[in-house]
Amino acid sequence: MNKSSLNRLTEIAQIFLKLGIIGFGGPVAHIAMIEDEIVKRRQWLTQEHFLDLLGATNLIPGPNSTEMAIHIGYIYAGWLGLIVAGVCFILPAVLITGFLAWIYVSFGTLPQIAPLLYGIKPVVLAIIINAVWGLGKKAVKTRKLLIIATVVGLINQFTEINEIVALLMGGILGMIWLRSGNQTNLIILGLTTGTFLETTPTSTVINNINNINNHVSVPLWKLGLFFLKVGSVLFGGGYLLIAFLQKGLVEEYGWLTQQQLLDGIAIGQFTPGPVLSTATFIGYIIAGFPGAIVATVGIFLPSFLFVAILNPFMDTLRKSSWTRPFLDAVNVSAVALMTVTTIQLGIATLILPKTDSIDFLGLGIAVISAILVIRYRINSIYLILGGSIIGGSALILGYLR
């Protein structure tokens, strides 16, 4: 390796390690920070080239901001740059999340911690609602897309169809129906949906989720394969991960409780860098340190592979008359899945388990948090801190027993 190549790799490492440390605020904030560093400050790319890369990230599954880092690393410093940029951007979030997972497993079940987590859960619900609302406004561009989203959401809710199959089904329906505008395609829509429902096995839901024992031995290969599959189809942003975790790890495998899922989402919001670092937290809860490594590698590996394989073909894919309808339908299907999961999380968060009545304090926290994050764009970190303070105060005032 010559001196010039080494200098480029060093620059890439410094930039994306810094962005990984200060990258609070979600993927939109991350992309804005990357643009400021790469386009405005260093002028490595033109604005047009940067926007082309941003559009290209929407063509492949995975977190957009992480894939932008990987693209830029590849363009500026070749194959090693691709690896260095992605790893440096992800690493701070993974290390912080892993440390918090250790603290959570060691102390999270203590009564002193429970009130803090109680106040955080409705805040997380509000943050998810904000994300789904924002994604929905962008994804639901036409009435046809709204119909596709509704169909996919209802099928997912009432048939417990696999989420990967639901996304694929939505994409194929969109590719057929949106590309041609003929009314006869409604017949194709119905026939294709029926075929999927007949050929797709439904998942087996574990009914007694509250009795999950996370100390049972979970095969690492099975945990890694789960996150690898999720990372390979994660259209619609990191928040779709919540839908996969809910259906796969909470309901189907029973490796995770509803409470642990909500706590994991909160940790993902609280830390800088990609939201998918939640996988590190979940992996540690399920299988300790090895589980954290396997889950992290599984969820992020597809992004590296997709960028490496598809980068030379991005222009061709973006110009294809079939690609755009497929992606539009996949994105809107992802929003539908997230909406269904958000409703389930809302019920679990705002209904008191012992009395089945509404938790009005939790509802109040959720509503106020939603207003603050949607209307006033308050950073999610401050909301989570506020929720934990309210939870602690509720215990002092005697609301929590």
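Could you go through the range 295-302 and let me know if any residue there is free of Cβ contacts under 8 Å to residues at least 60 places away in the same chain and either assigned to a helix (DSSP H, G or I) or surrounded by fewer than 21 Cβ atoms within 10 Å (Cβ to Cβ) (or both).
No, the range 295-302 has no match at all.
Could you check how many residues of the range 139-153 are surrounded by fewer than 19 Cβ atoms within 10 Å (Cβ to Cβ), free of Cβ contacts under 8 Å to residues at least 60 places away in the same chain and either of a type outside the set (A, V, I, L, M) or not in a helix (DSSP H, G or I) (or both)?
Qualifying residue count for the region: 2.
Being farther than 30 Å from TYR382 by Cα, touching a residue at least 12 places away in the same chain (Cβ under 8 Å), assigned to a helix (DSSP H, G or I) and under 20 Å from the mean Cα position of the chain (by Cα) is the requirement here; does ALA166 meet it?
In short, yes.
Out of (1) modelled with pLDDT of 85 or more; (2) touching a helix residue (DSSP H, G or I) at 6+ places or on another chain (Cβ under 9 Å), what's the single condition that is false for LEU6?
(2)
Looking at ARG377, ARG401, which is the one that is part of a loop (DSSP other than H, G, I, E, B), under 20 Å from VAL275 (Cα atoms) and at pLDDT below 85?
Selected residue: ARG377, the only one of ARG377, ARG401 that is part of a loop (DSSP other than H, G, I, E, B), under 20 Å from VAL275 (Cα atoms) and at pLDDT below 85.
Please enumerate the residues belonging to the range 228-249 that are of a type in the set (Val, Ile, Thr), out of contact with any Phe, Trp or Tyr (no Cβ under 8 Å at 6 or more places or on another chain) and surrounded by 24 or more Cβ atoms within 10 Å (Cβ to Cβ).
ILE242
Out of all the residues in the range 350-364, which are open to solvent by 10 Å² or more (accessible area, probe 1.4 Å) and part of a helix (DSSP H, G or I)?
LEU350, PHE360, LEU361, LEU363, GLY364
Could you tell me whether any residue of the range 33-45 is farther than 30 Å from GLY346 by Cβ and either touching a strand residue (DSSP E or B) at 6+ places or on another chain (Cβ under 8 Å) or of a type in the set (S, T, N, Q) (or both)?
Yes, the range 33-45 contains a residue that is farther than 30 Å from GLY346 by Cβ and either touching a strand residue (DSSP E or B) at 6+ places or on another chain (Cβ under 8 Å) or of a type in the set (S, T, N, Q) (or both).
Is it the case that LEU327 is open to solvent by less than 20 Å² (accessible area, probe 1.4 Å) and of a type in the set (A, V, I, L, M, F, W, C)?
Criteria met by LEU327.
Would you pick out the residues in the range 154-164 that are open to solvent by 20 Å² or more (accessible area, probe 1.4 Å) and aliphatic (A, V, I, L, M)? Outline the logic, then answer.
Of the range 154-164, the ones open to solvent by 20 Å² or more (accessible area, probe 1.4 Å) are 154, 157-160, 162, 164.
Passing the criteria: LEU154, ILE164.
Quick check on the range 305-317. Is at least one of its residues without any contact (Cβ under 8 Å) to a residue 60 or more places away in the chain, on the phi > 0 side of the Ramachandran plot and surrounded by fewer than 18 Cβ atoms within 10 Å (Cβ to Cβ)?
no
For VAL275, are the conditions met, namely being modelled with pLDDT of 80 or more, under 19 Å from VAL330 (Cα atoms) and among the β-branched types (Val, Ile, Thr)?
no
For the range 267-274, state whether one or more residues are in contact (Cβ under 8 Å) with a residue 40 or more places away in the chain and more than 20 Å from ILE381 (Cα to Cα).
no
The values are calculated or read from the model by the stated rules, or taken from the named source; none is laboratory data. Keep in mind that what you see is a predicted model, and the values were worked out from it rather than measured. With ideal geometry, Cβ positions are generated from the backbone for all residues, glycine too; neighbour counts draw on all protein chains shown. For accessibility, only protein heavy atoms count, side chains too; no ligands or nucleic acids. Shrake-Rupley method; radii C 1.70, N 1.55, O 1.52, S 1.80 Å.
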